[in-house]
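All remarks here apply to the structure that follows.
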Amino acid sequence: MKKNTKISTNLAKITSPNDIKNLSEPEIIALATEIRRFLIKNLAKTGGHLASNLGVVELTLALHKIFNAPSDKIIWDVGHQSYVHKILTGRQAGFKRLRKLDGLSGFPKSHESPFDAFDTGHSSTAISAALGFCAARDIQNENHNVVAIVGDGSMTGGLVYEALNNAGRTGTNLLVVLNDNQMSIAANVGAVSRHLNDIRTAPLYRIVKNDVHKILGAIPLGKKIDKTIETVKDAVKFMMLPGILFEEMGFQYFGPIDGHNVKTLLKTLQKLQKINGPILLHVVTQKGKGYKLAEESPDIFHGVEPFNIKTGKALKSRAKLTYTDVFSNAIVKLAQKEPKLVAITAAMPGGTGLDNFRKKFPNRLYDVGIAEAHAVTFAAGMAKAGAIPVVSIYSSFLQRAYDQILHDICVQNLHVVFAIDRAGIVGADGETHQGLFDISYLSHMPNMTVIAPKNRAEFENMLRFAVFEHNAPIAIRYPKGEASEILSTHNQPIVYGEPELITKGEKTALISVGAMMDIAYDVLQNLVKQGFNPSLYNARFVKSSENNFAKHLLNYSDIFILEDNVQAGGYGEQLLVNLVNFAQTLQSSAKPNFHFLAFPNNFIEQGTRAELFQRYKLDEEGATNRILQALQG
C-alpha cells in the first residue's frame, strides 16, 4: 500500500487551493497559525483590513479544502475579509504592495484572479450575486457549488433579505455562510443582531433543534388532528428555535458552529455538500483572532495604517486635525444650541466622527446599521416631524440611497443635512470606495443644495449655515485627511448661491471646488510667476437653486474649473450650461473657453491621494502645466 506523502505546511509552498487538499487537520491548524503570522507581519508594513481577516482564517481554509474553486464559486460579501483567500490562490507575493498603486487590491477583483468570482466592495451584496450565479448555472445545466460568505454586520442591510426571500422561493442549491463575529466595523445594532445573539446563547438550542420534530411527532393523537399538531409544532419551533427566521424564508438552517474549529468546519461542510436546496450555515468567529490587541479592539484594528506589532500604535503620526475631526467637534457644538438636532449613521459612528456626539447626546444618535437607504428615509420622517437630522455617510456609500434622497427628501423639500465624508479620492480602497460621483448624482436633484468648504474654518461655517440658515435639503462634501488651513483668514460670509472671490485678476479665471483650493492656490502663484494675472474663485455652492456664478464670468476669455469629481455631470459641466443660458438671456456674444480639470469618467484605481492626483495631472505641477499649455497654445 502506498504511503501518504506528508505535505509541508510551509506557507510559501501554498500557491493554489489544490495544495491544501491533502493536508490533515493538524496540518491545516498549523497552516492557520502561519497565515495569521503572515497577515500581522505584512499588514504592519502596508496597512489594510486586519481584524476581519484574522477572524476568517480557518473558515477560508475549510472552504478551499472542501470546495473546488474556481469552478465552484466563492463570493465574499464586502470583500475586505478576502486576504486569506488571496493567499491561498497564489497571491502571497502581492502582499508587499497590498492596496498600493498598481498593486494587489484589498478587495476581490475578477481581473486580478479567476478565483475572485465577483467584484465586491460594498456590504450586503453577496447573496444576490450568488443567486445570480445559481440561476445561470441551472439554466445552463451546469453542476457546481455556489457559496456566499456574509458577515452578520451585512445582515443589517435590506438587500440581504430581498436575496434570501428570492433564493428561498427558488429552491436552488446555494450555500450561504453567515460569518457571525458580532461586529461590522463598529459593534452591530438592531433586532437582527439580538436575534443572532439569541441563537448563539440559547442553552437548549442544539437539543431542541435535534429533538423537537421527534418528540412532537411521537404523540399518538391520530390523523384527524394532524393540522393541530402542525400548528403546535410551529408554535414550539418559533418559541425555541431562533434559526426559524431563515427556515421560514426557505433555507435549511445549520449551526451555530465554532468557526475556528477546523474539524467541525470540515465535517459540516462535507455534509452540507450532499444536501439540496438553499442552506444557511451559521458560523461564529472572533474578529481579530490570534492577535490580542485586535481581539480586544476589533473596531480599531478593522482597517489599519502601518503599525508597531508589539504596541499596535501607528508608525506615522496622525494628521493634526482631519475634516472628520472638525465635523465631530462642530456637530456637538451645534447640538448644544439646537435641541432638535439629531445625528444618523449607517454602522459607522467612529468612522464618521459621531462617537463624541453619542457620548454627549446618547438619545440623539441613531445608528441604523448598514442600511443607507433606510437611514435617508428615516431622516425624512424625522424632518417631516420637526427634527433637524444630520445624516453622516461616506460618499461612496451614500450613492446606495440615491432613490431615497431624490424621492423621500427632495420631492418634499425637507430640511435634512447630509455630511458627506470621504468625498473625492479616498485612496487605498480603490474603485468601489472613491467618492468621485456625489457632485454628479446629487446636482441634478431639484431642491438639493451641495456645498464644499475650502478649509477648516469654512467647513464649520457651512455646517452652521446648513443647520440654522437653510431650510431645505443640503449636502456638505469634504475629503478624507487633514483639514486644510489654507487662506484661514480669508473667509467671507456665506451668501446663498454666491462664490467667494479670493483674488481678482484679468482674462483668466480659476475656479476651485472645495478641497481643491490647496492645489488651485499654488497653481495661481505659479501662473503669476509666468506673467499671468488670473482671478481665483472658491465655488462654495457646487449646486444651488440660485445659479449666481455665471454673472461673474462673461468677461473672462479662459475659465479653468478644478474639482475632485468625475467630469461627467460635475461642477464644471453644470457651470458651462448655466453660463450659456445666462449669456443667451443677456443676448451676450461672449464665449469664454472652458477647461475641465477633473477626474476622467472612469473608475479610479487604488493608490494614495498624492499618487492619484499626480497620475491624472491634477496635482500642482500637472494642473499648472495643463493650464499653461492651454493659455500659451
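The values are calculated or read from the model by the stated rules, or taken from the named source; none is laboratory data. Predicted model only: the values in this text are computed from it and were never measured. Neighbour counts run over all protein chains shown; Cβ positions are idealised from the backbone, glycine included. Each accessible area value is taken on the protein alone, full model and side chains, heavy atoms only, with ligands, DNA and RNA left out. Shrake-Rupley method; radii C 1.70, N 1.55, O 1.52, S 1.80 Å.
Per 0.36 nm of contour for each residue apart, how much would the distance between residue 37 and residue 300 grow if the chain were fully extended, relative to their Cα-Cα spacing?
Values: separation 263, 0.36 × 263 = 94.68 nm, distance 1.89 nm.
Using 0.36 nm per residue and subtracting the Cα-Cα distance, I get 92.8 nm.
Please compute the Kirkwood hydrodynamic radius of segment 47-177 from all pairs of different C-alpha atoms, in Å with one decimal. Working shown, then result.
Numbers: mean 1/r = 0.0663 Å⁻¹.
Computed over Cα pairs of segment 47-177, the Kirkwood hydrodynamic radius comes out at 15.1 Å.
Whose amide H sits under 5 Å from the amide H of residue 593, counting only residues 5 or more places off or on another chain, with H placed in the peptide plane?
Under 5 Å from the amide H of residue 593: 558, 559.
Return the carbon/sulfur percentage of the accessible area of segment 1-91, one whole number, probe 1.4 Å, all protein chains in place. Display every interim value, and only then the final one.
Details: 1770 of 3470 Å².
The computed percentage sits at 51.
Please report how far the C-alpha centroid of segment 580-594 lies from that of segment 371-399, rounded to the nearest whole angstrom.
For segment 580-594 versus segment 371-399, the Cα centre distance is 39 Å.
³J(HN,Hα) across segment 618-626 via Karplus (A = 6.51, B = -1.76, C = 1.60, θ = phi - 60°), whole Hz, x for Gly/Pro?
Values, residue by residue: 10, 7, 4, 5, x, 5, 4, 5, 5 Hz.
At R0 = 56 Å, how high is the FRET efficiency between residue 504 and residue 360 if r is their beta carbon distance? Nearest 0.05 is fine. Mind dumping the intermediate values first?
On the way: r = 43 Å, r/R0 = 0.77.
It comes out at approximately 0.85.
State to the nearest 20 debye the size of the charge dipole of the chain about its Cα centre, where the only charges are +1 on K and R beta carbons and -1 on D and E beta carbons. Write down the numbers at each step before the final one.
Values: 68 positive and 59 negative charges, 398 e Å.
So the magnitude is around 1920 debye.
Of 424, 531, 515, which is farthest on the positive side of the dipole of segment 399-536, counting Cα position, with +1 on Lys and Arg Cβ, -1 on Asp and Glu Cβ, and the Cα centre as origin?
The Cα lying farthest towards the positive end belongs to 531.
Whose amide H sits under 5 Å from the amide H of residue 475, counting only residues 5 or more places off or on another chain, with H placed in the peptide plane?
418, 449, 450, 451
Relative contact order of segment 418-572: what whole-number percent is it, with Cα pairs under 8 angstrom and at least 6 residues apart?
In percent, rounded to a whole number, it is 30.
Over 32 Å between C-alpha atoms is what I'm after, so list which of 13/320; 21/41; 13/73; 96/529; 551/617 land there. All intermediate terms of the calculation are to be shown ahead of the outcome.
Working: 13/320 44 Å; 21/41 26 Å; 13/73 24 Å; 96/529 42 Å; 551/617 29 Å.
Result: 13/320; 96/529 exceed 32 Å.
By DSSP, what percent of the beta bridges with both residues in the chain are antiparallel, rounded to the nearest 5?
Working: 10 of 67 bridges.
Antiparallel bridges make up about 15 percent of those DSSP assigns within the chain.
For segment 458-555, count the residues as N, evaluate 2.2 N^0.38 Å, and divide the Cα radius of gyration by that value, please.
1.13
Which value in Å does the Kirkwood hydrodynamic radius of segment 416-487 take, with 1/r averaged over all unlike C-alpha pairs and then inverted?
13.0 Å is the Kirkwood radius here.
Determine the share of segment 514-593's accessible area contributed by carbon and sulfur atoms, expressed in whole percent, with a 1.4 angstrom probe.
Numbers: 1540 of 3410 Å².
Of all accessible area on segment 514-593, carbon and sulfur atoms account for 45 percent.
Explain nothing, just compute: Karplus ³J(HN,Hα) = 6.51 cos²θ - 1.76 cosθ + 1.60, θ = phi - 60°, for every residue of segment 273-288 in order, whole Hz, x for Gly and Pro.
Couplings: 4, 8, 9, 8, x, x, 10, 10, 9, 8, 10, 9, 10, 10, 5, x Hz.
For segment 406-460, what relative contact order do you get, as a whole percent, if you take Cα pairs closer than 8 Å and at least 6 residues apart? Don't skip to the end; give the middle numbers.
Details: 33 pairs, mean separation 16.8, N = 55.
Here the relative contact order equals 30 percent.
May I ask what percent, to the nearest 5, of DSSP beta bridges between residues of segment 451-564 are antiparallel? Walk me through the numbers before you get to the answer.
On the way: 4 of 14 bridges.
Around 30 percent of the beta bridges assigned by DSSP in segment 451-564 are antiparallel ones.
Give me the percent relative contact order of the chain, please, defined on Cα pairs under 8 angstrom at least 6 residues apart. Present the calculation step by step, with values, prior to reporting the outcome.
Working: 1240 pairs, mean separation 71.6, N = 633.
Relative contact order here is 11 percent.
Could you order peptides 161-168, 389-396, 359-366, 496-503 by the average number of other Cβ atoms within 10 Å of their residues, highest first?
Going by the mean number of other Cβ atoms within 10 Å, highest first, we get 389-396, 161-168, 496-503, 359-366.
Skip the ligands, DNA and RNA, and give the accessible area per residue of the chain with a 1.4 Å probe, whole Å².
Result: 43 Å² per residue.
Once both labels are modelled 7 Å past Cα along the beta-carbon direction, what's the residue 139-residue 585 spacing in nm?
5.0 nm
Of [x] -0.38, -0.81, -0.96; [y] -0.55, -0.96, -1.10; [z] -0.31, -0.73, -0.91, which one was derived for log10 I(q)/I(0) by the Debye sum over Cα atoms at q = 0.06, 0.09, 0.10 Å⁻¹ from the structure shown?
Given [x] -0.38, -0.81, -0.96; [y] -0.55, -0.96, -1.10; [z] -0.31, -0.73, -0.91, the calculated one carries the label [x].
Counting only residues 5 or more places away or on other chains, whose amide H sits under 5 Å from the amide H of residue 394 once H atoms are built in the peptide plane?
Residues meeting the criterion, in which the H sits 1.01 Å from N, are 421.
With point charges of +1 on the Cβ of Lys and Arg and -1 on the Cβ of Asp and Glu, referenced to the Cα centre of segment 560-624, which listed residue (579, 602, 590) lies farthest in the positive direction of the dipole?
590
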